[in-house]
Every structure is written in structure tokens, then in C-alpha cells.
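Structure first, then comments.
None of the figures in this text is laboratory data; all of them are computed from the coordinates on show. Remember, it's a predicted structure, so these values are computed and weren't measured experimentally. Please note: Cβ atoms are built from the backbone with ideal geometry, for glycine as well, and neighbour counts cover all protein chains shown.
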Amino acid sequence: MSTQPSAAEGTVALSAVELDRRRYRRQRAWRSTAIAAVSTLVFAGVLLVAVTHAPGWEQVKSTYFSGSQFSDSFPRVLHGLWTNLRILAVAEAIILPVGLTVAALRTVKGAVFFPVRGILTVYVDVFRGIPLIVLLYLIGFGIPALGESWLPSSGITLGTVCLVLSYGAYHAEVFRAGILSVHPSQRAAARSLGLNHAQTMRLVVLPQAVRAVIPPLLNDFVSLQKDVGLVSILGVIDAVRAAQIDNYSTYNYTPYVVAALLFIVLAIPSARFADYMLARQIRRQQAGAVV
Amino acid sequence: MTAVLNVSGVRKDFGDVPVLRGIDLQVSEGTVVALIGGSGSGKSTLLRCINLLEVVTDGVIRLDGEDITDPRVDADQVRRRIGVVFQSYNLFPHMSALRNVSLAPRVVGKLAKADAESRARELLARVGLADKANAYPDRLSGGQQQRTAIARALANDPRLLLLDEVTSALDPELVGEVLDLIKELKAQGMTIVMATHEMGFAREIADQVCFLDQGVVAESGPPEQVLGNPSSPRLRQFLSRVLRHE
């Protein structure tokens, strides 16, 4: 009869040494949890006391944490967030294929493709180098200023174009790192079967590359979620702009707190999903290892 | 009768370093040629040149009489007539054994999915892995992975099979299953060029053994002669080093 409930051990009784080890591990785990919990509570308490005893706290409380302002602004900021979500969905749907295509073309060898590689290198360098907010000013106000009727002039469209140009360059570099991380022997194996360059890329290299870069892509995605808020400078009424409008009319900053909370809520699923994918990848690579 | 493979005067430099300095080799239909030699002697490079994974610096390689080193030749066309098995298997980790083997018939041979898969199942059965069709490479032992890789290399029905030290990465108890499979392939008439460190196996299966040394075929002939009665001191030295552990 084993004293342990684990079914995997079956009927084999555990030795005294192992029982002692388990007792020690349980004890240590309990102690670490207790220490962590107490220290967190103490820190939070100190922080709370420090903030609420600051000389301007009453002022801050009514300006940033006004309950009535919160419930008044919430529906408008939430409605603005819906615009963010739509821009985000459209932008990411274009950014992913753009990034993948740019990355794949940058790795094509051969003198014929030199111009393509050159143009794409310039694209990545330029759009990764320009701060998004500057790009929004240049394209968002520059394109309508041309006065051509066939060019888009709405803030939403031009803002999305800017996000695609900027994040397309970031995604391209992430995908390129993924492509280069696939071992050359995989390419040799595919080519030795008679697959051409494009087939090798599509069937052998890219599936492995994409899998490898899902965590960093999700990281970029979380970053994009927030940067969508920058299109507010083009007059798009997104969550940030909606909060700003309320702030301008009431001089109360609670709407920004509303926006902050909504952005956090938006980011959590992506962040947890990124963690999950990363953990899965690590689990696959080192099944069973302790460190 | 023209040889399946004819290598003449092949040289290959990597930068300033000459690796192959003029290789001549004839492989007739249904024969097995074993390439032996120390590491860095050029065995793998020669195999990679034959498969056009490397561009030769000089010389000519003919497959069934056709000059495949001519740049006007479609390299993908040539490669599908040559099967290659690598030392570290190089199976595609994101594909099941069945998809690994059916990939070339589907993509290169333009077979319908069902036809390609039934062909792949036949090949897996031939290497004794009929029950592992849906397993992914990381669920297979080294020997099973290498046998899958051999099935994959046979999928295009190649004229020539190149084996690059296919047992070097295997645990000793798994070497036998792969060597048995190669013996079967020879019995079925496959033409094979293999780089190997398994001297016992080379002696048993090869029709011709070539000792590569410093980028040339230093000695070549039937296995009894090359392995049993080596004429050059360098080959004797090489054999005594390798055979000490066998």
C-alpha cells in the first residue's frame, strides 16, 4: 500500500528517502508561496498609503477616479474602441501576408532578384525607422493635401495604411528571422527530392518558420493593438479620441483611465495566448527537462 | 552500355581550399559503390556535387549519359532522378511519415493525393514501417527515421541512390535494421553510391570500394582487394585506425 495517491506508481510503495524528498519539496513550495503573498501585500499596502497620503490626493481622486465621470464616459469610449478593433482586424489581416511576402522575397537568391531584394530592404529600413506618429502626420495629412480625388482621404483608411506600412516592416523582419532559423539541411532535403525553390519555401521552410515565430508575432500584435490608438491624431474617433473629447469638455481625466482599462482588457487575451504558445513551444523542444 | 553515373575530372574548391582535385568514377547499373576515407576527404562533397547541391569547379558528371553539370540542364529535373539519404535523416519535422514520403510524388510527380499516399504507404511497408504512417518524426526512433528517409528518397523512383553516412548518427543496435534495408535495395537492383564508415558492410555489399584521400580517388577496386590488400600506406593507415574499433 502506497501512501501516495498517484496512480502512475501503481502498487509499488515509495521509499522513505523519496517520501522525505516530497515532504521537503511541499514544505519549500508552501514557504515560497507564503513569502511571496506576504511581501506582495506589504508592498501594495505601502504603495496605497503613500498615494492616498500625498498632498494632492483628493484632487487626483476627483480628476482621475471620478465614479460618475467613469460611468458617463464608459459607453462613448467603448464605442470608440470598436473603431480600434475594426482597424486592428483589417490592418493585421493585411500586415501578415505583406510581412510574409516581403520576408520570403528578401531570401530569394540569384542576380535577377537583386532589384526586388534592394527595394524590399529599403522598404524595411525606411518604415521601421520612421516613428509611427511621424508617418501618420506625413501620410495622413500629406496624401489629402495632394487634392487628388481618387486618393483616399478618410483618417481611418490612411491610418490603416500607415499601420500596415510600419508593422508590415516589423512583421517582415520577424518572419525573416524565422525563415533563417530553419536549418539549411531541410532545404537540401527538399531540393534533393526535386522540389524547386518556391515549392521548398511554401511546403518545407515557411510552415516551420511561421511556427517558430508565432510568439514574437503575437508580441508585435499586442503592440499594434495599442498603436492603433495613434490614428486618433487623424481625427478618427477611436477610444483615445473619445476619451480626449470628454476630457476637453469636462477637464476630467477619468475618461483616459477608462481607455487605459479597456486597452488592458484588450491586451490580456493576446498576451496570455502568446504565453501559451511560447510555453507550448518550449515544452515541445525540451520534453521533460527541469530547467 | 553507358554507366548510370559517370564522374570525370571533377574538381571542387571552397574559396581557396580545394576539396575535390579531379575525381573519376564509373557506376554501372545495379552496382553499389562505397566511398571510404577520413573526414574531410571529400566524400560528402562528391555526393553533394552529384546531386547538384554544389556547383562543381571543373569536370563533368553524367547521369545516364546526360551531362548534368551543364548549366542549361534543369537541376530540379536531375535531382528527382537521384534519391538522397542524409546522415541526420533531415525528415520534415512538421509532416507525418506518410506526408514526408508522399510529398515528392504529389508535388514533383503531380500525382493525385490518394495515389501519392497509396504509393507512400507501399514504400513505408517496403521499409517495414506500415504501422508508422501517421507518426511524426519526433515519435520515431533513429532507425525508424532513417528508414522513413530511405522510403522518401525512393519516392521519385530514382535511377541512383546516394547514401551519405546513413548509419553514422544511429545507436549501434539500430544500425542493423538500416543496413539490412540497403542490402534489400541492392538485391532489387538499385544503383547506389554510398559514403560510409562501416567497413564490414562495405566489404559485404559493395561491388567497388573507392578510397578518397586529399580530394582524389587514391585507390579503387573490389572490396577484397581494397580492404583486404591495400597497396598504399595511407590506406593501410586509415584502415588500421578504423578497423581497430570494429
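Compute a Gaussian network model of chain B, connecting alpha carbons closer than 10 Å, and tell me which residue from B:R119, B:R72, B:R99 fluctuates the most.
In this elastic network of chain B, the residue with the biggest mean-square fluctuation among B:R119, B:R72, B:R99 is B:R72.
By the scheme Lys and Arg +1, Asp and Glu -1, what is the net charge of all other residues having a beta-carbon under 15 Å from that of B:Q144?
Working: positive: B:R126, B:K132, B:R139, B:R147, B:R152; negative: B:D131, B:D138, B:D171, B:E173, B:E177, B:D180.
Once all neighbours under 15 Å are counted, the net charge is -1.
Treat segment B:4-92 as a sphere of radius equal to its Kirkwood radius over Cα pairs and apply Stokes-Einstein at 4 °C in a medium of 1.567 mPa s; give the translational diffusion coefficient in µm²/s, rounded to a whole number.
Numbers: Rh = 13.8 Å.
The Stokes-Einstein estimate is 94 µm²/s.
Treating cross-link reach as a plain straight distance, find the lysines whose alpha-carbon is under 28 Å from the alpha-carbon of B:K132, omitting any fewer than eight places away in the same chain.
Within reach: B:K110, B:K113, B:K183, B:K186.
Quick one, could you list the DSSP H helices from chain A stretching 30 Å or more along their long axis (Cα atoms) with average Kyte-Doolittle hydropathy of 0.5 or above?
Values: long enough: A:16-52 (54 Å, 0.32); A:67-106 (54 Å, 0.79); A:155-181 (39 Å, 1.08); A:254-285 (46 Å, 0.74).
Membrane-span-like by this criterion, though nothing is claimed about a membrane: A:67-106, A:155-181, A:254-285.
Please list the radius of gyration and Dmax for chain A, considering alpha-carbon atoms only, with Å as the unit.
26.6, 86
Kindly express, to the nearest 10 degrees and within the range 0 to 90, the angle between helix B:97-107's C-alpha long axis and the longest C-alpha principal axis of chain B.
90 degrees
Top mean-square fluctuation among B:R48, B:R139, B:R79, Gaussian network model of chain B, C-alpha springs under 10 Å?
For chain B, modelled as a Gaussian network with Cα springs under 10 Å, the answer is B:R139.
Taking Cα centroids, how far is segment B:6-73 from segment A:215-285 in Å?
Comparing the Cα centres of segment B:6-73 and segment A:215-285, I get a distance of 58 Å.
Mind listing which GluC sites (Glu not before Pro) in segment A:56-160 are in a DSSP loop and have 15 or fewer other Cβ atoms within 10 Å? Walk me through the numbers before you get to the answer.
Values: sites: A:E58, A:E92, A:E148; in loops: A:E148.
Passing sites in segment A:56-160 are A:E148.
How high is the relative contact order of chain A, given as a whole-number percent (alpha carbon pairs under 8 Å, six or more residues apart)?
Details: 261 pairs, mean separation 72.8, N = 291.
It rounds to 25 percent for chain A.
Could you work out [θ]222 nm for chain B from helices alone, using -39500 (n - 2.57) per DSSP H run of at least four and dividing by all its residues? Round to the nearest 500 deg cm²/dmol. Spell out each step's value before the answer.
On the way: 8 runs with 85 residues, N = 246.
Roughly -10500 deg cm²/dmol at 222 nm, from the helical runs in chain B.
Antiparallel versus total DSSP beta bridges in segment B:142-246: what percent is that, nearest 5? Before the final figure, lay out each step's value.
Values: 5 of 9 bridges.
Rounded to the nearest five, the antiparallel share is 55 percent.
What angle, in degrees between 0 and 90 and rounded to the nearest 10, separates the Cα long axis of helix B:142-154 from the longest principal axis of the Cα atoms of chain B?
Relative to chain B, helix B:142-154 is tipped by roughly 90 degrees.
Towards the positive end of the charge dipole of the protein assembly as shown, with charges on Cβ (+1 Lys, Arg; -1 Asp, Glu), say which of B:P230, A:F70, A:V161 has the farthest Cα.
Checking the options against the dipole of the protein assembly as shown, the answer is A:F70.
Antiparallel DSSP bridges in the protein assembly as shown: what percent, to the nearest 5?
If I count the DSSP bridges inside the protein assembly as shown, around 55 percent turn out antiparallel.
Is there a quick way to get the dipole size of chain B? I mean about its Cα centre, with the Cβ of Lys and Arg at +1 and of Asp and Glu at -1; what is the value in debye to the nearest 20? Write down the numbers at each step before the final one.
Working: 29 positive and 32 negative charges, 91 e Å.
The dipole of chain B has a size of about 440 debye.
Whose amide H sits under 5 Å from the amide H of B:Q87, counting only residues 5 or more places off or on another chain, with H placed in the peptide plane?
Residues meeting the criterion, in which the H sits 1.01 Å from N, are B:D164.
Based solely on its DSSP helices, what 222 nm [θ] is calculated for chain A when runs of n ≥ 4 H residues each add -39,500 (n - 2.57) and the sum is averaged over all residues, nearest 500 deg cm²/dmol? Please report the intermediate quantities before stating the final value.
Numbers: 11 runs with 221 residues, N = 291.
Value at 222 nm, helices only, nearest 500: -26000 deg cm²/dmol.
Counting alpha carbon pairs within less than 8 Å and at least 6 residues apart, what relative contact order, in whole percent, applies to chain B? Walk me through the numbers before you get to the answer.
Working: 461 pairs, mean separation 63.9, N = 246.
Taking the mean separation of contacting Cα pairs over the length of chain B, I get 26 percent.
With +1 assigned to the C-beta of every Lys and Arg and -1 to the C-beta of every Asp and Glu, and no other charges, what is the dipole magnitude of the protein assembly as shown about the Cα centre in debye, to the nearest 20?
Details: 54 positive and 46 negative charges, 208 e Å.
About 1000 debye.
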